[in-house]
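Below is one structure, written out as structure tokens, with a few remarks after it.
Read-outs throughout are calculated quantities, based only on the coordinates presented, and are distinct from any laboratory measurement. Predicted, not measured: the structure shown is a model, and the values here were computed from it. Virtual Cβ from ideal backbone geometry, glycine too; neighbours counted across all protein chains shown.
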Amino acid sequence: MSKSTLRIEVERLLKGPIERDFEFAPAEFDLLDDPEFRFDRPIRGSVTARLAGPYNVLLTGRMTTTTRVDCVRCLHPMEIPLDVTFQTVFLPKSQEEDYPDDPEDEERQFYTGDILDPTEHLREELMLALPDLPSCEYESLRECPHGRELGEAIAGGASAKPAEEPLPNSWQAQIARLRRDLGS
Ligand SMILES: [Zn+2]
């Protein structure tokens, strides 16, 4: 499968929602250059696109994959499963001027012409789902042998945050704002 599988013809949405399954190799998803997170499994998922207003497209879906990373505490290599759900509104590029630049509105996406290709956006959603401080204790994968002794040092740092806690710009927070914008 290739990226073209996710090209959605917006005109066809007038007849009803379109559902697409996808499977990307990490290279197709531009995931091979990250020095911290290593990807060697496919990214699989599905999206549903539907109209949420005149030519505004609501894209919902889910994707799963795994990434390999070293524990920030003990450097033990581990595999972290990723399960990402997303809900994003894409507006026609011609409407961009109606929405003044607002850094808080990063979740608003735009498409050009008649085709919506959400691949790049899905990649960003996946990046946002990566833990900030991946450690053995992420989702209790394993008890980190250095968790206790180094935990306090890390907890005292400026970036101290449990990996599971959603950040203000995480996809969870973005979806919460989208739902509010959609009035649903
Ligand atoms: Zn560890």
Fewest to most neighbouring Cβ within 10 Å: what's the order for Ile80, Ile115, Ile43? Ile115, Ile80, Ile43
Neighbour-limited loop hits for GluC sites (Glu not before Pro), region 1-73 (at most 11 other Cβ within 10 Å; DSSP other than H, G, I, E, B): Glu36
With a sphere of radius 11 Å drawn around the Cβ of Tyr55, what net charge do the other residues whose Cβ falls strictly inside it have (Lys, Arg +1; Asp, Glu -1)? -1
